[in-house]
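Since every read-out is calculated from the coordinates, none of them should be taken as a lab result. This one's a predicted model, so the numbers in the text were calculated from it and none came from an experiment. All Cβ positions, glycine included, derive from the backbone under ideal geometry; neighbour counts span all protein chains shown.
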Amino acid sequence: MKKRRVCIVGDIPLVVEFAALFLEKGFAVDARTNTSGAVELPHGIRRIVRPSQTTNIAVELTNIDLLRKRRNLAALESAIRPGIPLLSSSVTMTVAEQAEFVRHPRRLLGIGALPSLLQTDLIELAASAATSIETTETARQLFLELGKETALVVDSAGMVFPRILCALANEACHALGDGVAAQDEIDTAMKLGTNYPAGPLEWADRIGYGEVFAVMSSMQKHFDEDRYRPAPLLAQRALAARSKSTRPGAPQARRVE
Amino acid sequence: MKTIGVIGCGTMGSGIAQVAALAGYDVLVFDASTDALGRGMERIAADLQRAVEKKRLDAAEAAVVRRRLHAHRSLNDLATSSFIIEAAAEDLAVKSAIFRTLDRICSPRTILATNTSSLSVTTLGSQTKDPGRLVGMHFFNPPAVMKLVEVVRGAGTTGETIAQTAELARKMGKVPVVCRDTPGFIVNRVARPFYGEALRILGEGIAPVELIDRIVRLEGRFKMGPFELMDLIGIDVNFAVTKSVYERFLHEPRFRPHPIQKAMVESGRLGRKSGKGFYTYE
């Protein structure tokens with residue numbers, strides 16, 4: 001049987017994480033990252049400029065630059081055949097908003113994609129009012145093949161776990177910025193005092209401060225509530241992460257575990 | 001440092017006394033209520049007995065530990081302690097009165113620690129002539145099991161007091177983290193969104209209780225989801241902590257409690273202890 005082909009575009013390291021998983025499960029993988037330059041892609045992944053017409057599944061993984069996300073979605077959609085599902089990271093932009101950017105929102109489905117979360121056993125899905133039941137079912141089956149349970153949640157800024165996790169990380173940034181305790185003390189306290197699997201700041205580091213900031217900003221915009229205002233320290237760290245990733249010569253890819 | 005005073009013999013006080021005695025200290029335990037004192041000492045004895053039965057503790061050693069614990073019915077009896085940990089009712093007037101007395105009867109070198117989770121260490125320090133020796137020592141429930149102690153620096157607390165408190169926590173087998181006296185300290189503050197966002201996600205109809213818990217367990221690898229955890233802690237207890245942090249932050253919107261919590265408390269659905277919370281228990 002011919003290998004199924006997945007086309008993955010978006011942010012590093014999400015593209016690398018998803019590409020590695022699909023590759024491991026026997027898919028042919030095409031990938032394009034938002035930042036150009038010498039990003040190492042795992043061996044066996046084809047770097048592409050334009051999505052192939054033989055693509056069976058398209059995945060868009062941009063969380064930070066939403067203008068870029070819009071362009072990526074358009075490029076993916078114009079290349080893939082009708083009926084091919086388009087899975088798009090929807091933690092910083094709702095599926096309903098993204099549906100405005102595509103011609104066939106029936107095949108657009110949101111996924112909860114943040115760096116490092118793919119290591120766990122469940123992925124969240126969200127549909128817009130226009131998403132077809134077939135698209136959702138196809139995605140459910142696909143993730144089952146990839147070894148993931150799925151949870152279908154209502155389309156909303158931050159979905160479920162990214163919303164909780166980023167709010168925790170944001171509060172930890174507020175506490176650190178307010179001088180309540182040192183970074184390691186905050187992480188230690190949360191692990192030992194509440195049995196969290198990781199400290200909120202070490203978790204933010206794993207996800208990326210830029211991503212946490214993007215999720216908070218998106219929630220602040222959607223819910224229009226001050227409780228989602230990104231902590232000043234989070235904003236600083238997000239900016240530092242961005243300048244690091246765009247400065248020539250700076251290491252761009254995070255190590256994939 | 002050889003003798004430790006513990007004030008209050010409820011769940012926290014008796015647990016702290018037990019941990020201190022196990023670490024080799026002589027412990028003077030005071031409670032204003034004779035009943036509470038008796039029950040607390042019995043709780044410690046029963047817990048030590050269980051440890052012996054489970055072979056986690058030698059029977060002879062348990063006997064030695066028990067002999068290190070002394071119940072007292074007068075606060076004056078604790079005056080000779082070199083370190084006093086107050087774990088009385090979470091009430092500013094009660095705690096203030098205790099610290100005013102301790103300030104009068106203890107040696108100026110005695111360190112006075114409060115196990116408060118919701119009151120200001122700085123405010124309690126202001127009740128004494130020397131706030132430099134007053135410090136927060138926040139244990140987690142149950143103290144015999146939980147490794148963390150928040151060592152809370154009030155506005156006047158000296159570095160020496162912080163260092164000695166952290167050292168005592170380590171000797172008691174705990175991991176001290178030093179933090180500034182701010183509402184909720186570290187844990188009770190940073191943990192708020194875990195419950196607050198889960199309640200909002202529920203209230204907005206984004207996912208039901210069971211699904212949110214499953215997502216947090218499987219996607220986040222938490223041992224328990226937010227609703228299972230609120231049921232375990234007690235929805236009333238969780239609501240009280242949230243309200244306290246919200247009040248002390250002068251109504252900062254990030255800490256605003258959720259109407260779902262309030263309705264559940266008012267209808268007696270308090271979690272496991274009442275048989276009904278977000279889930280139903282047999």
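Look at the stretch A:157-163: the mean tally of other chain Cβ atoms within 10 Å of its residues' Cβ atoms is 6. Along the axis of the charge dipole computed for the protein assembly as shown (Cβ charges of +1 for Lys and Arg, -1 for Asp and Glu, origin at the Cα centre), the listed residues A:P85, B:I206, A:A235 are led at the positive end by A:P85. Footprinting exposure proxy ranking of B:D236, A:D187, A:D121, B:D77, fewest other C-beta atoms within 10 angstrom first, gives A:D121, B:D77, B:D236, A:D187. Bridges between two residues of the protein assembly as shown, per DSSP, are antiparallel at a rate of about 15%.
Note on chain A: the C-alpha convex hull projects to 13.7 nm² when averaged across all orientations. Counting neighbouring beta carbons within 10 Å and listing from fewest to most, the residues A:M190, A:M159, B:M1, B:M224 come out as B:M1, B:M224, A:M190, A:M159.
Remark on the stretch A:113-257: hydrodynamic radius 16.8 angstrom, per the Kirkwood mean of 1/r across alpha carbon pairs.
Count Lys and Arg as plus one, Asp and Glu as minus one, and take only other residues whose Cβ is under 14 Å from that of B:P142; the net charge is then +3. Here is the size of the stretch A:45-175 from its Cα atoms: Rg then Dmax, 14.7, 50 Å. Compared with the dominant principal axis of the Cα atoms in chain B, helix B:159-171 is inclined by about 80°.
For a paramagnetic label modelled at 7 Å from the Cα of A:T54 toward its Cβ, which residues of the stretch A:1-43 fall within the zone defined by backbone nitrogen distances under 15 Å? Flagged as within label range: A:1-7, A:27-31. Taking the helices alone, chain A has a mean residue ellipticity at 222 nm of -13500 deg cm²/dmol, built from -39,500 (n - 2.57) per DSSP H run of at least 4 residues and averaged over all its residues. Taking label points 7 Å from Cα along the Cα-to-Cβ direction, B:L232 and B:E204 give a separation of 2.7 nm. On the beta carbon distance between B:D47 and A:L67, with R0 = 51 Å, the FRET formula returns roughly 0.25.
Taking other residues whose beta carbon is less than 13 angstrom from the beta carbon of B:I44, and scoring Lys, Arg as +1 and Asp, Glu as -1, yields +3. Placing +1 on the Cβ of every Lys and Arg and -1 on the Cβ of every Asp and Glu, with nothing else charged, gives chain B a dipole about its Cα centre of roughly 420 debye. Here the label points at B:E266 and B:R109, each 7 Å from Cα along the C-beta direction, are separated by 5.6 nm in the simple model. Past the 27 Å Cα-Cα mark, which pairs from A:K191/A:K244; A:K69/A:K148; B:K2/B:K54? Over 27 Å apart, Cα to Cα: A:K191/A:K244; B:K2/B:K54. Each of A:I123, A:T135, A:Q98 was scored by the projection of its Cα onto the charge dipole of the stretch A:90-164, and the greatest displacement toward the positive side belongs to A:Q98; charges sit on the C-beta of Lys, Arg, Asp and Glu.
Helix A:209-223 and the long axis of chain A differ in direction by around 90°, with both axes built from C-alpha atoms. Of the residues B:Y25, B:Y281, the one with the fewest other Cβ atoms within 10 Å heads the list, and the complete ranking is B:Y281, B:Y25.
Between B:D91 and A:S78, take the C-beta separation as r, use R0 = 56 Å, and let me know the FRET efficiency to the nearest 0.05. The value I calculate is 0.25. Overall size of the protein assembly as shown from C-alpha positions, given as principal axis extents largest first: 85, 54, 45 Å.
When +1 charges are put on Lys and Arg Cβ atoms and -1 charges on Asp and Glu Cβ atoms, the dipole computed for the stretch A:20-115 relative to its Cα centre reaches about 300 debye. Here r is the Cβ-Cβ distance between A:K244 and A:E137 and R0 is 45 Å; the resulting FRET efficiency, rounded to 0.05, is 0.65. For the stretch A:1-118, the square roots of the Cα gyration tensor eigenvalues, ordered a ≥ b ≥ c, give a/c of at least 1.5 with a/b no greater than b/c, which places it in the oblate category.
Rounded to the nearest 10 degrees, the inclination of helix B:92-105 to the longest alpha-carbon principal axis of chain B is 20 degrees. In this Cβ point-charge picture (+1 for Lys and Arg, -1 for Asp and Glu), the stretch B:86-232 has a dipole of about 540 debye about its Cα centre.
The modelled label-to-label distance for the pair B:Y281/B:D130, using points 7 Å beyond Cα in the direction of Cβ, is 4.6 nm.
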